[in-house]
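Please read the structure below before turning to the comments.
The values are calculated or read from the model by the stated rules, or taken from the named source; none is laboratory data. Everything quoted here is computed from the prediction, not taken from an experiment. Glycine also receives a Cβ, built like all others from the backbone with ideal geometry; neighbour counts cover every protein chain displayed.
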Amino acid sequence: MKTIMKFIAPKQIVRLWIVLLLSGLSMVTFSTLSNAAALGDATGGGIVFFVDKTGEHGLIAARQDLPGHSAGINYDGFFTWKDAKKGCENLELNGFSDWFLPNKEQLNQLFTARVLVGGFGGSDYWSSTENGSKAAWGQYFLSGVQYSGTKTHVDRVRAIRSF
C-alpha cells in the first residue's frame, strides 16, 4: 500500500501543477487579446483603421470630417492645406487633443478602410505631405487616386491620431 500511495500523490501534484500552469497561460493570453485593438473598434475618440503587427500601435480616424471651413469658402468642411493642417493640430475631440493631418501613406490607409470608418464625402482629402513649397498631396476618395495640388485649393479633411 505504501508503494501505491507514493505514486498517487506525485501524479496528483503533477496534475495540479499542469492545471495551474495552463490556467495561468490562458489568463495571460486572454488579457493580451483583450488589450489588442482591432480594425473597426470604436475607441480612442474615433475608429481604428490601422493596427500594426503587435496589435499595440495603430491609427484612429475621427468619425467625421473636420468641421468648419477656410475663410472665404462658403462650403462647410472645405479647407486650404494650411488651414487643414492647423485645424487638425488644434482639434479637441472626444477628450483627445493629439489629432493631426495624415501623411500621404496614412491617407491611403484611411482610403482603404473608408467603408469601415464611414462618413466620407465623395471628394478629395488633404494629406500633410508636401510636394514643394506651393503644393501638397491629396487623395480622391471615389477612385483612390493620389495627386499633388496647390495648397490654396480647398479639400476635405479627416483628422487622425496614433495609439
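Residues in segment 62-96 that are within 15 Å of the chain's Cα centre (by Cα) and farther than 26 Å from residue 143 by Cβ: 93, 94, 96.
So which residues in segment 52-83 are out of contact with any Asp or Glu (no Cβ under 9 Å at 6 or more places or on another chain) and over 22 Å from residue 123 (Cα atoms)? Passing the criteria: 52, 53, 54, 55, 56, 57.
Take the conditions among the β-branched types (Val, Ile, Thr) and more than 17 Å from residue 50 (Cα to Cα) and apply them to residue 112. Does it pass? Spelling it out, it is not the case that residue 112 is among the β-branched types (Val, Ile, Thr) and more than 17 Å from residue 50 (Cα to Cα). If we scan segment 29-52, do we find a residue that is aliphatic (A, V, I, L, M), more than 22 Å from residue 144 (Cα to Cα), modelled with pLDDT under 95 and not in a loop (DSSP other than H, G, I, E, B)? Yes: one or more hits.
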